[in-house]
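Everything below concerns the one structure shown next.
The values are calculated or read from the model by the stated rules, or taken from the named source; none is laboratory data. This structure is a prediction, so every number in the text was calculated from the model and none was measured. Backbone-built Cβ (ideal geometry, glycine too); neighbour counts: all protein chains shown. To get the accessible areas, we keep the full protein, side chains included, count just its heavy atoms, and leave off ligands, DNA and RNA. Shrake-Rupley method; radii C 1.70, N 1.55, O 1.52, S 1.80 Å.
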Amino acid sequence: MNHSLNVTPARMALRRRLTGAALAAGLLLGAAAMMPVPAFAQAQSETQEGRLSLSAQGEVRIAPDMATVSAGARTRADTAAEALAANARAMSGVFQALERAGIARRDIQTSGLSLNAVYEPYDSERGRDQRIAGYEASNTVRVIVRDMDRVGRTIDALVSSGANQLQGVNFTHSDPAEARDEARRRAVNELNRLRSLYAEAAGISTGRLISLSESSSSQPSPMMYARAESVSMDAGTEVAPGEITISVNVDAVWAIQP
């Protein structure tokens, strides 16, 4: 009997400890319920908001003030040394002609130099054992012409002095920064116009600007053309610079107000 009387108080003490723990847990849960919404939940609600994404392009057309001419000489001989020597003589005449045309040395740059073996046509009897018929050397230069009135004369000087290859002419502008900035303004103005148009058509209201970025810009250039009635170099080569287009693409994202 004395043993049973000693167990009862121990059980009562354990029951009191369990009751205290449960009460503390309840108080903690209640306090957590009264705390503000966690930051990640707020971020999740923001990413779920409606957005309006638009792209627009701005363009400005300007007259070019410089041109780049790519030309050179290709020579062929029985040996590699002979082909390279013949090419060197041809290019020497090209450089002299460019100097007489008023082109500065800093505006002349070698863009391609090669020496390759030339093989005879494929013969099925010999199979892969093709014979070398000779060697071909090629030298190409890029010439910057800063005076637009000299573009045609520069081409004529190149061809008449030994150049037998003409890859083309590209027209550019030496300082397109102002035109590109104006293209950016036009792109942003077009974005705002589209923003108002879409908001009205969809019956929505746009809020803060979330992002604004420039995706790309380009400067296409027209190519040179030779006058159709020019059947000899005496008539000269005519070029039409025309205009070049400076374009900028801009992307924007706005929040849609609830």
Only residues that are over 15 Å from I144 (Cβ atoms) and of a type in the set (D, E, K, R): list them for the range 69-110, please.
R74, R76, D78, E82, R89, R100
When both residues are 6+ apart or on different chains and their Cβ atoms are under 7 Å apart, which pairs have a first residue that lies in the range 79-102 and is loosely packed, with under 13 Cβ neighbours inside 10 Å, and a second that is of a type outside the set (A, V, I, L, M, F, W, C)?
T79/Y135
On the basis of being under 23 Å from E99 (Cα atoms), modelled with pLDDT under 95 and either in contact with an Asp or Glu (Cβ under 9 Å, 6 or more places away or on another chain) or exposed (fewer than 14 other Cβ atoms within 10 Å of the Cβ) (or both), does S215 make the cut?
no
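Can you name every residue in the range 143-188 that is of a type in the set (S, T, Y) and more than 22 Å from G236 (Cα to Cα)?
T172, S174
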Somewhere in the range 136-144, is a residue of a type in the set (D, E, K, R), out of contact with any His (no Cβ under 9 Å at 6 or more places or on another chain) and under 30 Å from D65 (Cα atoms)?
yes
Residue under evaluation S161, criteria (1) at pLDDT 95 or above; (2) among the polar types (S, T, N, Q); (3) surrounded by 17 or more Cβ atoms within 10 Å (Cβ to Cβ), criterion not met:
(1)
Search the range 233-258 for residues that are of a type in the set (V, I, T) and at pLDDT below 90 and pair each with any residue that is in a strand (DSSP E or B) and open to solvent by less than 10 Å² (accessible area, probe 1.4 Å) when their beta-carbon atoms are under 7 Å apart and the residues are at least 6 apart or on different chains.
V239/V169
For the range 145-192, which residues satisfy the criterion of being touching a residue at least 60 places away in the same chain (Cβ under 8 Å) and basic (K, R)?
R146, R153, R180, R184, R185, R186
Filter result (in a helix (DSSP H, G or I) and more than 15 Å from L158 (Cβ to Cβ)) within the range 66-88:
A80, A81, E82, A83, L84, A85, A86, A88
Every residue in the range 141-158 that is open to solvent by 20 Å² or more (accessible area, probe 1.4 Å) and part of a strand (DSSP E or B), please.
R142, I144
